[in-house]
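Reviewing the structure listed below.
The values are calculated or read from the model by the stated rules, or taken from the named source; none is laboratory data. Just so we're clear, the structure is a prediction, and the values are computed from it rather than from any experiment. So basically every Cβ, Gly included, is an ideal-geometry build from the backbone, and we count neighbours across all protein chains shown. Ligands, DNA and RNA are stripped out before the accessible areas are found, and what is left, the full protein with its side chains, is counted by its heavy atoms. Shrake-Rupley method; radii C 1.70, N 1.55, O 1.52, S 1.80 Å.
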Amino acid sequence: MAKSNLGNIDWISILVYFLLVIFGWINIYSASLSDAATSYFDLNQPYGKQALWIGLSMIFIIIILATESKFFERFSSIIYMVSLVSLLGLFIFGKTISGATSWYVFGGISIQPSEFAKAATALALAKYISDLQTNMKHFKHQAKALLILALPALLIMGQPDAGSALVYAAFIFTMYREGIAGLYLFLGFLAISVFVLTLLFNATTVIICSSIIAICIYFLTKKKKNLISKLVIYTIGISLFSFSVNYVFNHVFKQHHRDRFNIVLGKEVDAKGIGYNTDQSEIAIGSGGWFGKGWTEGTQTKGGFVPEQHTDYIFSTVGEEWGFVGSVFVIILFSILIIRALFIAERQKSQFNRVYCYSVASILFIHFFVNIGMVIGIVPTVGIPLPFFSYGGSGLWGFTMLVFIMVKLDSDRMTSNF
């Protein structure tokens with residue numbers, strides 16, 4: 001064990017972390033408050049349990065800050081393997097809750113290993129990329145890095161928990177920073193765009209439009225060497241992908257996935273069915289106005305109109321009770337933490353540290369963007385919690401570990417010699 005270098009600790013990240021955790025608990029309290037409540041720390045209520053988990057997370061923080069920084073690199077592979085074993089064990093010993101076998105239950109305590117697997121995977125990826133023999137410009141090294149990400153993602157998909165598995169797509173930003181071609185990001189964005197446009201219109205329309213764009217690019221570009229072959233390949237690729245969209249959508253996606261996409265795209269209106277959560281969430285946020293109705297005064301929240309409001313839909317409580325100003329405040333806090341993680345990443349001398357910090361920023365971003373997007377109805381509903389806000393001990397501890405390992409690595413950046 002080693003003493004933390006207090007002079008180098010990033011107190012801005014720590015301050016933002018505690019502001020998010022405290023404000024998160026305040027909103028969990030409001031969203032889960034009932035007539036049976038006896039105190040702020042009633043362990044029979046979600047807010048009481050969350051307060052206990054917040055207290056226990058302080059132990060995680062102390063342990064992480066007291067641990068030698070080199071520990072996280074030296075044992076990253078072991079930590080990663082333990083996380084994979086814990087995910088595998090769910091298929092034998094896990095308990096099914098809300099259709100997903102994602103929890104171990106010990107007495108009255110439920111532990112969700114996928115929440116800890118994010119930090120473990122970030123450490124494993126950092127270890128692999130920072131290896132002297134790894135060059136992320138080479139395809140075989142890219143494939144091995146993708147395998148590190150794919151193993152936990154596939155195990156989580158099998159639970160099934162598509163939302164948690166989706167988070168692993170965030171690591172593409174980390175890999176881009178470390179040398180993979182921007183073409184991967186472009187192709188990913190292109191695939192998403194073609195998928196959505198095909199659902200909105202049809203494959204024929206998308207193919208015609210992409211062909212027109214390819215022709216315009218050809219005539220507007222001065223350097224035409226090898227351009228026509230590239231445009232032909234892109235056009236054929238888009239055409240094949242676009243034709244496959246309907247098959248995937250109708251035969252691979254489950255009905256509730258199709259319904260969620262159709263609702264977001266405006267092709268269906270199902271305010272009383274699968275679109276009920278999002279519809280009520282939007283009503284709650286819209287009713288908050290500029291300054292909100294006041295803490296514990298939200299009529300939508302008190303009426304229980306938004307199901308699971310203290311978990312995935314906690315941001316609707318923020319919107320209703322704290323209004324536009326409170327919502328913007330939360331968005332600013334998350335933005336500061338994510339930008340701070342990027343700033344911390346760029347000042348690292350160790351590549352291991354940098355890769356890990358970029359992973360933290362990427363994971364926080366995808367959780368933040370997808371959860372809030374889901375709550376306000378601009379992305380399909382998926383089971384992704386809002387970090388530090390959504391009710392749950394595993395989620396809080398997982399994000400606490402994620403952030404404070406970053407803080408610890410950064411605090412020793414001047415003396416690290418990895």
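Points to keep in mind about this one:
- Computed Kirkwood radius, in angstrom, where 1/r is averaged over Cα pairs of the chain: 23.2
- In summary, the convex hull built on the alpha carbon positions of segment 116-251 has an orientation-averaged projected area of 10.5 nm².
- Using the rule -39500 (n - 2.57) for each DSSP H run of four or more residues, divided by the residues of the chain, the 222 nm mean residue ellipticity is -22000 deg cm²/dmol.
- Segment 59-187: radius of gyration and largest Cα-Cα distance (Dmax), Å: 16.1, 49
- Accessible area, probe 1.4 Å, largest first, for residues LYS137, LYS222: LYS222, LYS137
- Accessible area per residue for the chain, computed on protein heavy atoms with a 1.4 Å probe, is 49 Å².
- With N as its number of residues, segment 185-252 has a Cα radius of gyration that, divided by 2.2 N^0.38 Å, comes to 1.18.
- Note on surface exposure: LEU231, LEU342, LEU147, LEU20 rank LEU147, LEU342, LEU231, LEU20 by accessible area, highest first, 1.4 Å probe.
- Largest to smallest accessible area among GLU321, GLU308 [probe 1.4 Å]: GLU308, GLU321
- Ordering of 195-208, 94-107 by burial proxy (mean other Cβ atoms within 10 Å per residue, highest first): 195-208, 94-107
- Taking only the alpha carbons of segment 286-358, we obtain Rg and Dmax values of 17.3, 53 Å in that order.
- Percent accessible area from carbon and sulfur atoms, the chain, protein chains only, probe 1.4 Å: 69
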